[in-house]
Every structure is written in C-alpha cells, then in structure tokens.
Amino acid sequence: MDTLDAELKPLTRLYDAGLGFVVEHVQFLEEPLDALRGDPAAASVEATFWRYCIADVTNVQQELSAVLSALGDGHSGAAATGFREASGPIDDALQELRLVAANINQRINVVTDLVTHTRSMLGQWVEGYVDDVITEFTAARAASPITQGGSVATTIASVVADASELGNKMGRTLSQLLDRLDEHAAAIRDGVAEFAINVERLRTPAPGPAVAAPVPVAAVSHSQPATAPTEHGLPVDPDALFAAGQGNES
C-alpha cells in the first residue's frame, strides 16, 4: 500500500540519455501511471474503520454470550426466558454485522492490492520500453555517419510504433482492471447496505412476549438486582459499536 502513491516517471531516463525529443511522442505511456496513483492514507483509514467494526461487534457478541451463560446459573422466570428467546435474533444480527464488515474490509484491501500491482506492472513495462529505446538509439547514432542520419530517423519511427503497441497493451490491461474494480465496488455498496439493515435490526425491539409487556420483578429469582434495559430492549447500545467510525461517511 505504501507504493500506491509513489511517483513513477520512467520516461525521465530518456532525458538523461539525451533523447528528450522522443518523450513528446511517447508521453502518453505515463498517463495510466498517473491515473492509477492513489491515496494510501485514505485506503488505510477505510480498512481500519471496518477492522474496528469487526472488533467491536465481536466484543458485544462475547458479552451477550457471557450474559446468557450467567442466566443459566440461577436465573429463572418469564423475564429470563424472554431474554433468552430475544437473544437469538440479536446474536444473528451481530454475526451478520461481523461477517459483512469482514467482507468489506477484505475487498478494500483486495482493491488496493489490485491497483498497486497493476500500476507497478505497467511501470515495469514502460521501464523495459525505455531500455529498448536507449539501446536502439545508441546503435543508430553509431551507424549515423555511414547512413547520413537515416538510421536515426528510422529509429524514431520504430520507437513511436513500439510505444503505440505498448499503449494498446496497457489499455487492455486497464480495461480488465476496471471490470474487476466495478465488481468489487458493487459488492462493497451491497455490503454497506446490508450492514445498515442489520444495524436497524439491533435498534428495533424483537416482537413477542419478551417485549410485549413488562414482567414483574418477582418473577425472576436471583440475588442480584435487575438491570434497567435501554430503549431498544437490549443491555448494550448498538450505536456504541460505531463510535470509532463517527464522522466517516464512507
């Protein structure tokens, strides 16, 4: 990821070799390298946000599991039974949140790797092209006294044709990359929508006897005082899961 925004200017070597006049004819080879230059800091922030979501949801699942285990050690009555029944959908929603967040995080990393790898590969192609150009012009200049400069003119036409062929190859590669990026982008959009749906599931109390009417405290036999539920009927506020991501609209 650190190389995502690295400057790639392989044609600069043509200036160093005294072949700056060639650059104006093949400058288009560097355009894809500039277009694929990304922001590794922003990509890292996105991936980190979803990693925090995974960790937070996992912690809440563990807390819920601990509460359910405690209910089996002395709690009884309608309230305890109702909580056990309501905890199933809650745990399902939490599990979906965790899986969706993990999938989004993975796809962000895959997209970053795809762009970084493709950009590096294209840069290596242009580097190889520059090597060939320098070699050809070195030979053409050596033969120039004999051919009266004709070999240089021929070489210019040859390297421009080679650049055009390389540009077409780069274009096909970019087209394939864009197709894959579109697939990942669509999957990420769907994942974010699914994540929001499961957040709403946590915010909405489950229907049924567990939330239909208050249960008398006497119905629960335990030495510890009952904890007051939150407005959504859960002992844990689901909004707290996303504190780390406040302000991150993505």
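Coordinate-derived values only; no laboratory data. Note that the structure is a prediction, hence the values are computed from the model and not measured. Cβ: placed from backbone, ideal geometry, glycine included. Neighbour counts: every protein chain shown.
Prolate is the label for the stretch 43-115, because the ratio a/c of its alpha-carbon gyration tensor axes (a ≥ b ≥ c) is 1.5 or higher and a/b is greater than b/c.
As a rough footprinting exposure proxy, the listed residues Ser151, Ser69 were ranked by other beta carbons within 10 Å of their own, and the order from fewest upward is Ser69, Ser151. Candidates Gln106, Gly38, Ala86 compared by Cα position along the dipole of the stretch 9-119: farthest toward the positive end lies Gly38, with charges placed on Cβ.
Rounded if a/c is under 1.5, else prolate if a/b is larger than b/c, else oblate: which is the stretch 34-85, with a ≥ b ≥ c the root eigenvalues of its Cα gyration tensor?
prolate
Taking other C-beta atoms within 10 angstrom as a stand-in for reagent exposure, Tyr15, Tyr129, Tyr52 fall in the order Tyr15, Tyr52, Tyr129, fewest first. Dimensions of the stretch 1-137 from C-alpha coordinates, computed as largest minus smallest value along each principal axis and given longest first, are 90, 18, 17 Å. Along the axis of the charge dipole computed for the stretch 118-197 (Cβ charges of +1 for Lys and Arg, -1 for Asp and Glu, origin at the Cα centre), the listed residues Thr155, Phe195, Val133 are led at the positive end by Thr155.
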